Amino acid sequence: MAKTVVLERKPLSLSERTYLPQIVTGLKTTFSNLFKEKVTLQYPEEKPVIPQGYRGVPTLVKDPNGREKCVSCQLCEFVCPPKAIRITPGEVPEEDESREHVEKAPEDFEINMLRCIYCGYCQEVCPEEAIFLQNEYSLSGYDREELINHKEKLYELGGTLPDQHYKWDKKRKAELEGNSH
């Protein structure tokens, strides 16, 4: 059997029993912060500075010519850990000559923001640079359906971003030059 050892505790002094040292320490902290400059923001009118590389809401973007960049490759859907992205591939209208190089386009593209973990894998894996994580961090809705962003809402949030590669314009130009020779 283990032997029990009883330790004698030193009795508390008067100041320790009344918590005076602790109260004085707390008041000292309060008064030292009372006269410092405040960093209060009037949210939502004033928002904090977003750090570089912040991963916010994933959105779809269009190229500078207003065309959909997404080609329904579904890589973002496959790589999404919480399975928050769902793409329904559709056909590209034949009369749309500006998208001859594209075989398919999304009929519907939805991102469930209730499931999204803002990991950024969808942006990294997208070969067309059609998904971008915006600096938006404040999403709210009255019910669950409002937090499922469909294609129209995703384009509204994302808008048009400048394309550094002009990938499809170069391809189209090469096709036109090849046909003229």
Would you check if there is a residue in the stretch 51-64 being among the β-branched types (Val, Ile, Thr), closer than 21 Å to residue 132 by Cα, touching a Phe, Trp or Tyr at 6+ places or on another chain (Cβ under 9 Å) and assigned to a helix (DSSP H, G or I)? no
Just a yes or no: is a residue in the stretch 114-123 assigned to a strand (DSSP E or B) and among the polar types (S, T, N, Q)? no
Matching residues, the stretch 30-57, being hydroxyl-bearing (Ser, Thr, Tyr) and either exposed (fewer than 10 other Cβ atoms within 10 Å of the Cβ) or more than 52 Å from the chain's Cα centre (by Cα) (or both): 30, 32, 40, 43
Any idea which residue in the stretch 115-135 is nearest to residue 84 (Cα to Cα), counting only those that are within 10 Å of the chain's Cα centre (by Cα) and buried (at least 19 other Cβ atoms within 10 Å of the Cβ)? 116
Out of all the residues in the stretch 93-109, is one or more part of a loop (DSSP other than H, G, I, E, B) and either modelled with pLDDT of 95 or more or of a type in the set (Phe, Trp, Tyr) (or both)? no
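Given the options 149, 112, name the one that is more than 11 Å from the chain's Cα centre (by Cα), crowded, with 16+ Cβ neighbours inside 10 Å and under 11 Å from residue 59 (Cα atoms).
On the way: 112 fails: under 11 Å from residue 59 (Cα atoms).
The match here is 149.
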Within the stretch 65-75, identify whether any single residue is modelled with pLDDT under 95, more than 30 Å from residue 43 (Cβ to Cβ) and surrounded by fewer than 13 Cβ atoms within 10 Å (Cβ to Cβ), and answer yes or no. yes
The lone exception for residue 48 - which of (1) assigned to a loop (DSSP other than H, G, I, E, B); (2) in contact with a Pro (Cβ under 9 Å, 6 or more places away or on another chain) it fails: (2)
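Restricting the search to the stretch 124-145, which residues are of a type in the set (Phe, Trp, Tyr) and outside any loop (DSSP other than H, G, I, E, B)?
Start the filter on the stretch 124-145 by keeping residues that are of a type in the set (Phe, Trp, Tyr), which leaves 132, 137, 142.
Within the stretch 124-145, just 132 meets the criteria.
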Which pairs turn up if I take residues in the stretch 100-125 that are β-branched (Val, Ile, Thr) and look for partners that are surrounded by fewer than 16 Cβ atoms within 10 Å (Cβ to Cβ) with beta carbon separation below 7 Å, at least 6 apart in sequence or on another chain? 117/81; 117/82; 125/79
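The values are calculated or read from the model by the stated rules, or taken from the named source; none is laboratory data. Quantities reported herein were computed from a predicted structural model and do not represent experimental measurements. Cβ sites come from the backbone with ideal geometry, for glycine too, and all protein chains shown count toward neighbours.
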